[in-house]
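Worksheet: the structure to be examined is printed underneath.
No value in this document is a laboratory result; all are computed from the given coordinates. Nothing here was measured: the structure is a model prediction, and the numbers come from that model. Here Cβ is always computed from backbone atoms with ideal geometry, including for glycine, and neighbour counts include all displayed protein chains.
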There are 2 protein chains.
Amino acid sequence: MGRTVDVTELVLRDGHQSLLATRMALEDMVPICEDIDAAGYWSVECWGGATYDSCIRFLNEDPWERLREFRRLMPNSRLQMLLRGQNLLGYRHYEDAVVDRFVEKSAENGMDVFRVFDALNDVRNIKRAMEAVRRTGKHAQGTICYTVSPLHSVADFVDMAEQLCEMGAESICIKDMAALLKPQPAYDIVKGIKERCGADTRVHVHVHSTTGVTLVSLMKAIEAGADVVDTSISSLSLGPGHNPTESLVEMLEGTGYKTRLDKDRLLRIKDHFATVRPKYAAFESNIVGVETEIFDSQIPGGMISNMESQLRQQDAGDRLREVYAEVPRVRQDAGYPPLVTPSSQIVGTQAVFNVLMGKYKVMTGEFADLMLGYYGATLGERDPNVIARAIEHAKKEPITCRPADTLTSEWDNLRSQAIALDGCNGTDEDVLTYAMFPQVAPGFFGTRAEGPKNVGASPVATTGSASAASNGTGKQPVSSPVVYDIAIGEKTHKVTVTPA
Amino acid sequence: MGRTVDVTELVLRDGHQSLLATRMALEDMVPICEDIDAAGYWSVECWGGATYDSCIRFLNEDPWERLREFRRLMPNSRLQMLLRGQNLLGYRHYEDAVVDRFVEKSAENGMDVFRVFDALNDVRNIKRAMEAVRRTGKHAQGTICYTVSPLHSVADFVDMAEQLCEMGAESICIKDMAALLKPQPAYDIVKGIKERCGADTRVHVHVHSTTGVTLVSLMKAIEAGADVVDTSISSLSLGPGHNPTESLVEMLEGTGYKTRLDKDRLLRIKDHFATVRPKYAAFESNIVGVETEIFDSQIPGGMISNMESQLRQQDAGDRLREVYAEVPRVRQDAGYPPLVTPSSQIVGTQAVFNVLMGKYKVMTGEFADLMLGYYGATLGERDPNVIARAIEHAKKEPITCRPADTLTSEWDNLRSQAIALDGCNGTDEDVLTYAMFPQVAPGFFGTRAEGPKNVGASPVATTGSASAASNGTGKQPVSSPVVYDIAIGEKTHKVTVTPA
């Protein structure tokens, strides 16, 4: 006993991505970076996922500048990012040279740990990015998307871990984006990986807290030998976010396990984000408390709100229960992909179409691609009849190769398109921004010179709620403009009221 | 393995006591009692604690009628109550005959399980109530208030469990009202009790969720052999409340432990309270998310708000940190009582006085009583110098006997005072109401005939009005959550407006 468990702090990336729609501006993170840097974390997740997209779409921030700033402000920390394998941070597969370039540039700008995953758990979509990371000498983490299906077993996840290790992963991450990982499977998978791949195989566990059980899962993962667990500081935790860092520390007291974390620093980090959070009240997730129904439906929360809004647009809001029942059938037809971006949207949208227009009467291009292998391989077999429909619909043949093998060289083309844009600075970083977000990058290049835009309510506007948060009473006189939570039935809406 | 773990549902008592200031009206519970009755709980906590007080003070409800209604609506369930030992549900010690009468009447009106505790963990204050319960043939549960101090050890709690068993307790409850029970001590104490008192000693574990770690503590308690754990349905859980019932059920999947709970019933119970909760938005606790600082300060959340308001009344809001530092010193002087009603208020108020006026320059009557043994014995020794001051202040001598032994027969006197009141119906139940709440009972007797008053926002009460029911905390109406009925076309929506 007496083992030290390390911690990855999520607040600068997945914490605000999950709770504040990724809207936090760099300037609201800068003042606390020194404390984060000194708190004793194994790594600080601070880039990737949706942050890059949000920077250029909403915040007029150069994501590369954000990365360099983190590097400068946290010289003692491992900076960590989430990378969607061959998709990088975009929504399609990229040709290998683009993947290589992105990884090189990320490393060069300061990234240390690359957590690489694929939505379908197809290791072929992870391989190139991992090799690129290894060439830079940085930490390549192979990632397993945890999911639940009639097919998926502990052995399948352990098999995947073995493949990732053989591929040169320096560590394995079990990534539970929907809070479905219960204590016993958490224990069994970590134990299984340690037994199969060796006791010194570093295992990281990433869980969300939506269902309320995953702090127990972290405890069990630790008992099974997990080396690093992911948490977010308490003032930006829980709900669809993560377990609170401080609770993890306290939970371990007396167990023989301990962390390296400095509680005084944690308190300062907590206080900082408790002050920042109310500024972003308009972006708060509607999910509060816990939601255990997803254990049965296996439909993550974010997917439900998507489907609801699609149904409402079709005046069919009353057919959600039918869609709930359809999702597992569509998922089965598609070979049981994990439900995570983008597979969750693809499966969910097709389920909505099936309910509204008849089974596979209409098929989205993305769903056809999923059925035809253009996103990669799935654990289960796909339904041959649905494949036939997909061929008909998409007018193309199924593939079994690695999807990126169908792509031709594209860097030079992307480069010439990018540098033709007003405001493009001609760097590889800008070309990558364009490559990943061709719709958004032109606008961003054009406005970049105006500097970052903080979409949180300004200090003047939030005097009331910000100071209320700090004294914990929430009972300050209201000064306009004010953001209210308006609950109608079970749904909560953010409404900003300004004097006319 | 394969052991069944039983569950006590808290939503009808401690759930809404912790989250909605005990304001829930019986009529908002009635429609769901059938589902609760059939869900498979070991017991349903539904009475005692602050509910009796709240019924007569705020809801114009006869608490005895509430109890009889629960009995009628849940014929298959064990009804459970929380009883403050010799204090019953009031705030002073009662003479033994009053204790006996209260327990008899509670049993007669339908109570099955009596969870008996004492704020100082002085078993002499628990004994009489336990004996009374045993005479009725109902379930007598002996309770340990869990606390943390430089003195308290696992062995002390196990010792107390042994004393309670010798006293005839049919089960032992570990009651963690401040969410301080971490996983390892949870395991050690349960294990210790099972070893000392026998493996068939029934152990119940009651935890709050304030610090975010206690679902893990329940897991560890179960691993150590706990028989029953307390939870509250998810839609009235977390924060200063309890762990969600559904999360407990899901947590155990695959572990070999299981509950008897029916998930379909749980879903209906959840949906019911999700609908009811917004009605009581004006009474919601200000504490949200998790709060781990109390592990260090050992000052429960409710105590902090008390001390804050006392300081503010004295224009000394800036001296809270000094009071934080003073609380542990005062607690040490008083022999390390657990901090729970009423000891938390007594210690907190004295700490405020010490900071504002000098150390023990002024002493409250209650603190003097605590120092002189009039609340019972504490685990630690009390400071002789402070005892001397208390003698001086209170003009009475310390006692070492059981406090109730100093009382003389009082039932006949209470009875004649009660029946003299307008509206008193002359029953023993009414005499007990008067005995426990002599200030409040007269008003209640006078208005009882008007029938229950639902202080949740009702459509009629709030149409077009910006004032939610006053919550008695002096909050400005403008900054409290307000519930409106908003008619859009022919549909009326209940809209809760809260400063974000």
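Shortest first and in nm with one decimal, please list how far the B:Thr406 label point sits from its counterparts in the other copies (point 7 Å along Cα→Cβ).
8.7
Taking the Cα centroid of segment B:86-115 and of segment B:332-352, what is the distance between the two, rounded to the nearest whole Å?
Each part's Cα centre sits 25 Å from the other's.
Below 13 angstrom from the Cβ of B:Ile419, what's the summed charge of the other residues (Lys, Arg +1; Asp, Glu -1)?
Charge balance near B:Ile419 sits at -4.
Return the calculated 222 nm mean residue ellipticity for the protein assembly as shown, to the nearest 500 deg cm²/dmol, obtained by summing -39500 (n - 2.57) across DSSP H runs with n ≥ 4 and dividing by the residue count.
After summing the helix terms and dividing by residue count, I get -12000 deg cm²/dmol.
Quick one: grab the alpha carbon gyration tensor of segment B:289-431, order the square roots of its eigenvalues as a ≥ b ≥ c, and give me rounded if a/c is under 1.5, else prolate or oblate depending on whether a/b is larger than b/c.
prolate
Which FRET efficiency value, to the nearest 0.05, is calculated for B:Glu104 and B:Ala388 with the Förster distance at 51 angstrom and r the Cβ-Cβ distance?
0.75
What distance in nm separates the simple spin-label points at B:Ser153 and B:Arg71, each placed 7 Å from Cα in the Cβ direction?
With each label point 7 Å from Cα toward Cβ, the separation is 4.6 nm.
Taking a ≥ b ≥ c as the square roots of the Cα gyration tensor eigenvalues, with a/c under 1.5 meaning rounded and otherwise prolate when a/b beats b/c, else oblate, which class fits segment A:1-133?
It is oblate, given that a/c is not under 1.5 and a/b is not larger than b/c.
In terms of modelled amide H atoms, which long-range or inter-chain residues lie less than 5 Å from the amide H of B:Thr143?
It is B:Val116, B:Cys173, by chain and number.
Does chain A come out rounded, prolate or oblate, given a ≥ b ≥ c as the square roots of the eigenvalues of its C-alpha gyration tensor, rounded meaning a/c under 1.5 and, failing that, prolate meaning a/b above b/c?
In terms of gyration-tensor shape, rounded.
Here is the link list: A:Lys182/B:Lys127; A:Lys194/B:Lys263; A:Lys191/B:Lys182. Which ones come out longer than 31 Å on Cα distance?
Check vs 31 Å cut-off fails for A:Lys182/B:Lys127; A:Lys194/B:Lys263.
List the lysines whose Cα lies under 25 Å from the Cα of A:Lys453, skipping any in the same chain that are fewer than 8 positions away.
By straight Cα distance, A:Lys453 reaches A:Lys105, A:Lys270, A:Lys279, A:Lys494.
Counting partner chain Cβ atoms within 10 Å of every residue's Cβ in A:239-251, what's the average?
The shielding value for this peptide is 5.
Can you list residues from other chains, or at least 5 along the same chain, whose modelled amide H is less than 5 Å from the amide H of B:Arg202?
When sequence neighbours closer than 5 places are left aside, the close amide H contacts are B:Ile172.
Using the reciprocal of the averaged 1/r over all distinct C-alpha pairs, how large is the Kirkwood radius of the protein assembly as shown in Å?
It works out to 30.5 Å.
Mind ranking A:305-314, A:288-297 by how tightly packed they are, going by the mean number of other C-beta atoms within 10 angstrom, highest first?
So the peptides A:305-314, A:288-297, ranked by packing, come out A:288-297, A:305-314.
Less than 12 Å Cβ to Cβ from B:Ala221, Lys/Arg counted +1 and Asp/Glu -1: what total charge do the surrounding residues give?
Taking every Cβ under 12 Å from that of B:Ala221, the sum is -1.
Within 10 Å of each Cβ in B:207-216, how many Cβ atoms from other chains are there, averaged over the peptide?
6
Please report how far the C-alpha centroid of segment A:288-329 lies from that of segment A:245-280, rounded to the nearest whole angstrom.
So the separation of the two Cα centres works out to 34 Å.
Taking the Cα centre as origin and putting +1 on Lys and Arg beta-carbons and -1 on Asp and Glu beta-carbons, what dipole magnitude results for chain A, to the nearest 20 debye?
Dipole size: approximately 380 debye.
Take the alpha carbon atoms of segment B:421-454, find their center, do the same for segment A:159-231, and report the distance between the two centers in whole angstrom.
59
For the ranges A:72-78, B:407-413, what's the packing order if you count other beta-carbon atoms within 10 Å of each residue, average per peptide, and put the highest first?
A:72-78, B:407-413
Please list, in order, the residues from segment A:314-329 whose amide nitrogen is less than 14 Å from a point placed 7 Å along the Cα→Cβ vector of A:Asn286.
Output list for this probe position: A:317-318, A:320.
Select from A:Gln345, A:Ser106, A:Asn306 the residue farthest towards the positive end of the dipole of chain A; place +1 on Cβ of Lys and Arg, -1 on Cβ of Asp and Glu, and compute about the Cα centre.
Of A:Gln345, A:Ser106, A:Asn306, it is A:Asn306.
Excluding same-chain residues fewer than 8 positions from B:Lys359, which lysines have a Cα within less than 23 Å of its Cα?
Here the lysines satisfying the reach criterion relative to B:Lys359 are B:Lys395, B:Lys396.
Under unit Cβ charges (Lys, Arg +1; Asp, Glu -1), what dipole magnitude, rounded to 20 debye, does the protein assembly as shown have relative to its Cα centre?
Using only the charged Cβ atoms, the result is roughly 460 debye.
Which distance in nm do the two modelled labels at B:Ala325 and A:Arg135 give, with both placed 7 Å along the Cα-to-Cβ direction?
Each label point is offset 7 Å from its Cα along the Cβ direction, giving 5.9 nm.
How many nm is it between the label spots at A:Arg196 and B:Glu253, if each spot is 7 Å from the Cα in line with the beta carbon?
Distance between the two pseudo-spin positions: 2.1 nm.
Taking the label point 7 Å from Cα in the Cβ direction, how far apart in nm is B:Ala155 from each other copy of itself, listed shortest first?
Label-point separations across copies, in nm and ascending: 5.0.
Over all residues in B:253-263, what is the mean tally of Cβ atoms on other chains that come within 10 Å of each residue's Cβ?
Counting other chains' Cβ atoms within 10 Å and averaging over B:253-263 gives 2.
Shortest first, in nm, what separates the label point of A:Lys453 from those of the same position in the other copies (7 Å along Cα→Cβ)?
5.2
Roughly how many debye, to the nearest 20, is the charge dipole of segment B:54-107 about its Cα centre, given +1 on each Lys and Arg Cβ, -1 on each Asp and Glu Cβ, and no other charges?
200
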